Amino acid sequence: MESSGGRAEGSGRGPRVLVVGSGIAGLGAAQRLCSHPAFPQLRVLEATARAGGRIRSERGFGGVVELGAHWIHGPSQGNPVFQLAAKYQLLGEKDLSEENQLVETGGHVGLPSVSYASSGVSVSRELVVEMASLFYSLIDQTREFLHVADAPVPSVGEYLKKEISERAAGWTEDEETRKLKLAILNSFFNVECCVSGTHSMDLVALAPFGEYTVLPGLDCTFPGGYQGLTNCIMASLPEDVIVFNKPVKTIHWNGSFQEALSPGERFPVLVECEDRTCFPAHHVIITVPLGFLKEHLDTFFEPPLPPQKAEAIRKIGFGTSNKIFLEFEEPFWEPDCRHIQVVWEDTSPLEDVTSGLQHVWFKKLIGFLVLPSFASVHVLCGFIAGLESEFMETLSDEEVLLSLTQVLRRVTGNAGLPAPRSVLRSCWYSAPYTRGSYSYVAVGSTGDDIDLLAQPLPKEGAKAQLQILFAGEATHRTFYSTTHGALLSGWREADRLIALQDPQAQLPGPWL
Ligand SMILES: Cc1cc2nc3c(=O)[nH]c(=O)nc-3n(C[C@H](O)[C@H](O)[C@H](O)COP(=O)(O)OP(=O)(O)OC[C@H]3O[C@@H](n4cnc5c(N)ncnc54)[C@H](O)[C@@H]3O)c2cc1C
């Protein structure tokens, strides 16, 4: 194995620190450590050729499209991503307004502008409003089992279905309307799968569901792209801190490693990369996605993680949610349309679908957001979660475009609807250094598993302290799955190291 050369080795005092991953958690940790004089020997190892991770804005369709994170959820004073974005002047005036910051959405997705049914007719707005109100009142109820000794059923999905079937028994409308109501509710289940990043709400644990914390503020976007934020953080770091195209293969810990350039010095950790270069370190902050950790659990740590920690990694959920952008020559939607819902009339949350994914994958698509038109370009953004989303990744662009053209022709009742001009989509499940989209608390796990995942190794009290620290969205107990949870987790671990080196340091934590 070769040893690394360059920037930090042998220069300066202070511990040698490595951050693995340059998403917002890793960049946040690096920025905080760089602002303290005790850490002149810092490096960030990034597997890919770019920083930002699941924050990924690409130029496309004459503007910017977000392949990863889309909104700041809860943009208000308690949200560090909002604060940082405001500091870097990346937000619009309306998004910064007091009024916007005070809006309480309860984490619910807004009502669609129009709802199309699979038979090619628009669904009555009244029915959609009624079902949205039922669905979201039930979602609110699912958050109330946090401090209850026994949850009635294991999962959010089972709870919702039990409540819905009880209410449906009292519906007095004709058979067709009752079926349509269930189909609308099914569309809301699909929305919730996108929000939770899961295949089915049956996989999401009921008791801890209320622990996820929704901040006030009307969700907002970055006019110039979310990645402007990670670019600004990156620009604040010394130039050669991030090493790109350096996938880490194995983290050897609890050792006593040496390197030729620092004779006599011993390091408890050695980070081995796929290209066989090795980086000795005193501390390593790991920010790789949970999907990557799950896949490489057997080889990523040497010695292996303690059994409880490994079990937490296996138990916490990590699913897939993707976006499909379609560009049209001309809009077929009304000028004030913001959100198109698609309702498959033959679906119901109370029935399981068993047909092959090939023929039904597109039924998991929740519909489309209308993106603000850049120049004269008209773009819809579809959202799809779960196994159907992972299946979509195996198809070619042409196949996806063809399927969605057929869907749109069918639901609009316009067989002559021109096909979209082009398609662009995310493929987070196939991305080797992500393997999915974001985490959720799965049936069989609780918030304690998140805390367990976040615990540094070796356990406190051991002689060689804080060798491996864990950050990333999946390590934040109340803000998992978000950019602000990820950023806070990076700050949390940086502060842990700062407190070790400089017990007198004034730290702004504790972090929520
Ligand atoms: C489609 C989608 C939509 C989303 N929408 C929103 C939203 O609207 N609002 C919101 O708040 N959040 C959203 N999120 C979630 C948000 O993007 C993430 O929670 C957050 O960006 C995660 O940051 P992170 O630093 O924890 O991980 P990441 O951003 O994934 O960073 C981890 C980094 O580690 C690198 N890495 C992995 N393995 C290795 C290795 N072996 N060696 C070296 N480097 C490695 C990766 O390449 C990556 O750069 C969305 C995510 C997706 C996928």
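So how many residues does the range 398-419 have that are assigned to a loop (DSSP other than H, G, I, E, B) and either outside the structural domain of V379 (by TED's automatic domain parsing) or not polar (S, T, N, Q) (or both)?
So the count comes out to 6.
Could you check the range 240-281 and list, in sequence order, the residues that are more than 27 Å from the chain's Cα centre (by Cα) and on the phi > 0 side of the Ramachandran plot?
N254, G264, R276
Do any helices (runs of 4 or more DSSP H) lying entirely in the range 142-257 carry at least 2 residues that are under 30 Å from E46 (Cα atoms) and of a type in the set (G, A, S), and which ones are they?
Passing ranges, in order: 227-235.
Scan the range 22-58 for residues that are under 26 Å from P247 (Cβ atoms) and free of Cβ contacts under 8 Å to residues at least 40 places away in the same chain and jot them down. Steps first, answer last, please.
So in the range 22-58, the residues under 26 Å from P247 (Cβ atoms) come out as 22-34, 39-58.
Passing the criteria: P40, Q41.
What are the residue pairs meeting all of these: first residue in the range 350-368, first residue in the same structural domain as N186 (by TED's automatic domain parsing) and of a type outside the set (D, E), second residue part of a loop (DSSP other than H, G, I, E, B) and at pLDDT 95 or above, Cβ atoms under 6 Å, and 6 or more apart or on different chains?
Listed by first residue and then by second, the contacts come to K363/W344.
Is there a residue being closer than 28 Å to L42 by Cα, away from the ligand (no atom under 16 Å from the Cβ) and surrounded by fewer than 22 Cβ atoms within 10 Å (Cβ to Cβ) anywhere in the range 490-497?
Checking the range 490-497: at least one residue is closer than 28 Å to L42 by Cα, away from the ligand (no atom under 16 Å from the Cβ) and surrounded by fewer than 22 Cβ atoms within 10 Å (Cβ to Cβ).
Considering (1) of a type in the set (A, V, I, L, M, F, W, C); (2) touching a Ser or Thr at 6+ places or on another chain (Cβ under 7 Å); (3) open to solvent by less than 40 Å² (accessible area, probe 1.4 Å), say which one A419 fails and leave the rest.
(3)
Test of understanding: among F328, F292, F267, F300, which residue is buried (at least 16 other Cβ atoms within 10 Å of the Cβ) and assigned by TED's automatic domain parsing to the domain that holds R410?
The unique qualifying residue is F328.
Out of (1) surrounded by fewer than 18 Cβ atoms within 10 Å (Cβ to Cβ); (2) more than 26 Å from the chain's Cα centre (by Cα); (3) of a type in the set (S, T, N, Q), what's the single condition that is false for Q467?
Here Q467 clears every test but (1).
Any idea which of (1) closer than 24 Å to G436 by Cα; (2) open to solvent by 10 Å² or more (accessible area, probe 1.4 Å); (3) in contact (Cβ under 8 Å) with a residue 40 or more places away in the chain is the one R314 doesn't satisfy?
Only one criterion in (1) closer than 24 Å to G436 by Cα; (2) open to solvent by 10 Å² or more (accessible area, probe 1.4 Å); (3) in contact (Cβ under 8 Å) with a residue 40 or more places away in the chain is unmet by R314, namely (3).
Please enumerate the residues belonging to the range 426-454 that are open to solvent by less than 20 Å² (accessible area, probe 1.4 Å) and under 22 Å from R59 (Cα atoms).
Correct list: S426, T434, S437.
The values are calculated or read from the model by the stated rules, or taken from the named source; none is laboratory data. Keep in mind it's a predicted model, so treat the numbers as computed, not measured. Cβ atoms come from the backbone with ideal geometry, glycine included; neighbour counts cover every protein chain shown. Please note that ligands, DNA and RNA were not included when accessible areas were found on the heavy atoms of the full protein model with its side chains. Shrake-Rupley method; radii C 1.70, N 1.55, O 1.52, S 1.80 Å.
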